[in-house]
1. Over 23 Å between C-alpha atoms is what I'm after, so list which of 18/76; 18/93; 12/71 land there.
2. For the peptides 49-61, 3-15, 86-98, what is the packing order when you average, over each peptide's residues, the other Cβ atoms within 10 Å and list the highest mean first?
Amino acid sequence: IGLQTTRDIIKKDAELRKFVSDSQTERGLFIKKNISKGRYPQLDECLFQWFLQRRAENVPMSGSMLMCKAKWYCEKLGITDLNCSLGFLHRWKTRHGVSDKSVTGEKASADFLSAEKFLPIFSKETEGLLP
């Protein structure tokens, strides 16, 4: 890499480290070519913190939920010229490395009580099938 690129990386060290630590996935790191903050950084940060809290609580998130919360934050922050559309949502997800994931299959979504009840039934039904 060139000398100026090296200087730019050193100059933006803290910003780059924050971006890497805030990214939800490695995919998000490789998709982005620059670190943009969006037109309303405070809205971006509020929505992202809310998203992280919901994700930590294993709440399934939909695009419409995110857009609705973005509209709510716009009202609270006094932002009147932003349309919280699918385009806004796509750009916000790209900025933060967020992808659409289903909670299905994750540990938090499993119903362990039902699984425990089903285990004896499954064992009885499959008895003799395995060598």
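1. Over 23 Å apart, Cα to Cα: 18/76; 12/71.
2. So the peptides 49-61, 3-15, 86-98, ranked by packing, come out 86-98, 49-61, 3-15.
Throughout, read-outs are computed from the coordinates displayed, never taken from laboratory work. If you're wondering where the values come from, they're calculated on a predicted model, not measured in any experiment. In this analysis, Cβ positions are derived from the backbone assuming ideal geometry, glycine residues included, and neighbour counts consider all displayed protein chains.
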